[in-house]
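The values are calculated or read from the model by the stated rules, or taken from the named source; none is laboratory data. Predicted model, so just to flag it, every value in this text is computed and none were measured. No Cβ is skipped: glycine too gets one built from the backbone with ideal geometry, and neighbour counts run over all protein chains shown. These area figures cover heavy atoms from the full protein model, side chains too; ligands, DNA and RNA do not enter into them. Shrake-Rupley method; radii C 1.70, N 1.55, O 1.52, S 1.80 Å.
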Amino acid sequence: MAISYNPNIFVPFHTIGGSGGSDFSWVNGTNGNLIKKLEVWSGGWQLRGIKVTLTNGESRTFGKLEDRYQGSLELAPGELITKLSIWGNGAGTRTGAFRMETNKGQVFFPKMYDWGLKTEYVMDVGSGLLAGIYGGANSDIDRLGFAFLLPIRNSVLKDVSYPTLAAYLVATTPFTIDQITIDNLQGTVSQGAVLKNSQSFTVSREWSNSTALEVSITSSVSASIPLVADVSVETSVSLSNVYSFGRSESETIERGVDHNVTCPPGQMLRATATTYQDKLDIPYNGRFEVEIQSTGAKFSYSVSGNYKGVSVRSVFVKYEVLQTAKESAEEESVVKMF
């Protein structure tokens, strides 16, 4: 019985070996999981068994994990298969060997140990994203193939929400841009001065990866960004409009003040220009969508992770009457934003 697959998403399936054994297929990729580790056992004239571990930790075995252990291949996050060859055992009854190379320089070549190799079949690895394994097996690996995603045109994290946003307390750090004190206690006319200064800040946004597929391909984010209310020191968090970003980005922005301050006669006045840097580290939920380059086919799956962001508010100018000619310790506050 032929093993089914979606030809618009995967490289065409093709097995090398014999016709015996029971069909098996463990193909992922469209759920974000990829193969992380392969371990292989062989006999003198065949591959005996394969243990497969996914990036989410789940594992399965095919054939029998008996006879001679041939070692393992463990793929790092983002590591791709660049070459794959498979051999039969030369008698048309079993799989005899396979050889993989990766873009990180790893080579894995498990093979039968008595019979020599004959015909090499070079396989198409598509995007290099190793998504699954299929074939036929009972006590041995009768036939074998590996599933690869086709090359990907683009991918995007979208439909992002932040379930704990309403209850989140913001880590806020104040920064004084400029401050002046005007002593006009003895004066009879108003005195003026200027608050004038600026400071550079780094604003960053990052959505953590949830699955191996997200790590392995370049993707963008189309999401609303949590921002802190810009009107007061009291923190309330809301969402901005939807923007498109890379998965991690930062930029340098400048916050400055150029503001005339007037102190009436009979007062000592202090004016302070302040901004606030807010840090968020909160869970997000979303959907990761992938589009195949050659066919235009799309698939998507649910993801979750953490959003980490740093933002900087507008500059606030606060006036404090430190002393008046009539009352030595009178205080009042006025806040302006511009």
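Where the centroid of each part is defined by its Cα atoms, how far is segment 1-30 from segment 146-186 in Å? Cα centroid to Cα centroid, the span is 45 Å.
So I have (1) 17.0; (2) 15.1; (3) 22.2, and one of them is mean projected area of the Cα convex hull in nm² calculated from this model. Which one is it? Checking each listed value against the structure points to (3). Between Lys158 and Tyr243, the contour length at 0.36 nm per residue exceeds the alpha carbon distance by 29.6 nm.
A straight chain from Asn8 to Asp23 at 0.36 nm per residue would run longer than the Cα-Cα distance by 3.2 nm. Sorted on the mean count of surrounding Cβ atoms within 10 Å across their residues, most packed first, peptides 171-181, 313-323, 143-153 read 143-153, 313-323, 171-181. The label-point distance for Asn103 and Phe201, in a model that sets each label 7 Å from Cα toward Cβ, rounds to 3.7 nm. Ranking Asp258, Asp142 from most to least accessible surface, computed with a 1.4 Å probe over the protein chains only, gives Asp258, Asp142.
Across segment 154-245, Cα pairs under 8 Å and at least six residues apart give a relative contact order of 37 percent.
Annotation for Ile253 and Ala297: the two label points, set 7 Å from Cα along the Cα-Cβ direction, are 4.2 nm apart. For segment 126-192, the relative contact order comes to 22 percent (Cα pairs under 8 Å, sequence separation of at least 6). FRET efficiency for the pair Asn285 and Ser59, taken as 1/(1 + (r/R0)^6) with r the Cβ-Cβ distance and R0 = 22 Å, rounds to 0.25.
Full extension of the chain between Tyr319 and Arg270 gives 17.1 nm of extra length, using 0.36 nm per residue less the Cα-Cα distance.
Atom-type composition of the exposed protein surface of segment 1-121 places 44 percent of the accessible area on carbon and sulfur (1.4 angstrom probe).
The packing ranking of peptides 237-247, 131-141, highest mean first, is 131-141, 237-247, where packing means the average number of other beta carbon atoms within 10 angstrom of each residue.
Remark: relative contact order (the chain) = 18 percent; criterion is Cα-Cα distance under 8 angstrom and separation of 6 or more residues.
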